Ligand SMILES: *Cc1c(COP(=O)(O)O)cnc(C)c1O
């Protein structure tokens, strides 16, 4: 990896961050706060939240086996994705490399920030090679985006290739682990200490069941986390979100139960789905969804909409022609999906014949 001060944008390196009232005073013992022009009434929502979310980070650190200084919390992982562009990429000059297909936000953020986004096509098994990513890069490539388990394909990327990229790429490698809780493979968090160019993204939106509170996590070296803290909005994670997340940390065991149920349901749903005549293929998945190639994605999507069931039509995504992405729901929800599909004309034919 190049030294961090060569990767970071010069204006960000030089930036003197905004200093909020709660940055300047953060002792716990004071009882009268006349420093932030808050309203003294309507506690507790009258007070600005902790800009660095210290209490919450203290709870997350031991569960994830990292130090609190290796954690950045943001308004969804999407905030962290945007911050890496703003921290490292000079608009109109730098570029990034990403696998294709993958999560759409990387490209959107690249375009918003006027950063050239280079795609490296996955192979037939939705895998990538580190050498192909490196071949697509040049001296202005600051970031590489990987997503494992990948969205919308569902599979884990090969660990050996990710490790090779971490070793050989001179810039930052982002490994988006939004779905890692559903995978048996170990998280890349344990590689953080060995690879100062690694950023791991996780989120409260999937396994943790908290998409509504908007809380994403970036794990990285303390040096990278300090850069994020310097450029983020001062109070980027609101008080209600911090409170709810602290509450969720005490329900850690429940999250594990949800994951177990969803993995059982995934197995059951896929088994039922495979029997349908409209199903051509189900791709291997390590996530709480699966990608399936069907006879006609648009027709089946529209049919399901007419039954009040919404899946994701991915037919226009690279390598995903006629593919639907289906999230694992509750058992009754999954049953309703299968029952509806059994009544889809093409599948009914099948039934009549046997
Ligand atoms: C759902 C998802 C996220 C989560 O984004 P949030 O902003 O945290 O809700 C991140 N990355 C991928 C690949 C996802 O599919």
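The values are calculated or read from the model by the stated rules, or taken from the named source; none is laboratory data. It should be emphasised that the depicted structure is a prediction, and the values quoted were computed from it without experimental measurement. Don't worry about glycine lacking a Cβ; one is built from the backbone with ideal geometry, like all the others, and counts go over all protein chains shown.
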Q: Any residue in region 88-115 that's in contact (Cβ under 8 Å) with a residue 60 or more places away in the chain and within 16 Å of residue 138 (Cβ to Cβ): show its pairings with residues that are part of a helix (DSSP H, G or I) and more than 16 Å from the ligand (Cβ to nearest atom) at Cβ separation under 6 Å, as long as the two are six or more apart or on different chains.
A: 88/7
Q: Quick one: count up the residues across region 109-123 that are within 21 Å of residue 157 (Cβ to Cβ) and in a helix (DSSP H, G or I).
A: 2
Q: Within region 136-180, count every residue that is closer than 27 Å to residue 259 by Cα, away from the ligand (no atom under 16 Å from the Cβ) and assigned to a loop (DSSP other than H, G, I, E, B).
A: 1
**Q.** Only listed residue being surrounded by fewer than 20 Cβ atoms within 10 Å (Cβ to Cβ), part of a loop (DSSP other than H, G, I, E, B) and touching a residue at least 40 places away in the same chain (Cβ under 8 Å), chosen from 184, 265, 223
**A.** 184
Q.
Suppose we filter region 80-105 for residues that are near the ligand (Cβ under 9 Å from one of its atoms) and either in contact with a strand residue (DSSP E or B) (Cβ under 6 Å, 6 or more places away or on another chain) or closer than 17 Å to residue 169 by Cβ (or both); how many remain?
A. 3
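Output the residues belonging to region 226-254 that are assigned to a loop (DSSP other than H, G, I, E, B) and either away from the ligand (no atom under 16 Å from the Cβ) or surrounded by fewer than 15 Cβ atoms within 10 Å (Cβ to Cβ) (or both).
Passing the criteria: 233, 234, 235, 250, 251.
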Q) Quick check: is even one residue across region 57-77 out of contact with any helix residue (DSSP H, G or I) (no Cβ under 8 Å at 6 or more places or on another chain), more than 16 Å from residue 245 (Cα to Cα) and either in a helix (DSSP H, G or I) or at pLDDT 95 or above (or both)? A) no
Q: Please list, ordered by first then second residue, the pairs with beta carbon atoms under 9 Å, 6 or more apart or interchain, first in region 314-326 and farther than 16 Å from residue 290 by Cβ, second outside any loop (DSSP other than H, G, I, E, B) and modelled with pLDDT of 95 or more.
A: 318/100; 318/119; 318/121; 321/293; 321/297
Q: Considering each residue of region 124-135, count those that are surrounded by 19 or more Cβ atoms within 10 Å (Cβ to Cβ), free of Cβ contacts under 8 Å to residues at least 60 places away in the same chain and either in a loop (DSSP other than H, G, I, E, B) or within 16 Å of the ligand (Cβ to nearest atom) (or both), and give that number.
A: 1
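Of all residues in region 268-279, which are part of a helix (DSSP H, G or I) and free of Cβ contacts under 8 Å to residues at least 24 places away in the same chain?
Result: 270, 271, 274.
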Q) Restricting attention to region 206-219, which residues are assigned to a loop (DSSP other than H, G, I, E, B) and either over 13 Å from residue 176 (Cα atoms) or more than 7 Å from the ligand (Cβ to nearest atom) (or both)? A) 207, 208, 209, 210, 214, 215
Q) Among the candidates 121, 56, which residue alone is surrounded by 15 or more Cβ atoms within 10 Å (Cβ to Cβ) and in contact (Cβ under 8 Å) with a residue 12 or more places away in the chain? A) 56
Q.
I'd like the full set of residues that are on the phi < 0 side of the Ramachandran plot, assigned to a loop (DSSP other than H, G, I, E, B) and surrounded by 18 or more Cβ atoms within 10 Å (Cβ to Cβ), limited to region 312-343.
A. 314, 317, 320, 328
Q: Determine if region 92-100 includes at least one residue that is part of a helix (DSSP H, G or I), under 19 Å from the mean Cα position of the chain (by Cα) and buried (at least 19 other Cβ atoms within 10 Å of the Cβ).
A: no
Q.
Restricting to region 187-202, count the residues that are within 16 Å of the ligand (Cβ to nearest atom) and assigned to a loop (DSSP other than H, G, I, E, B).
A. 1
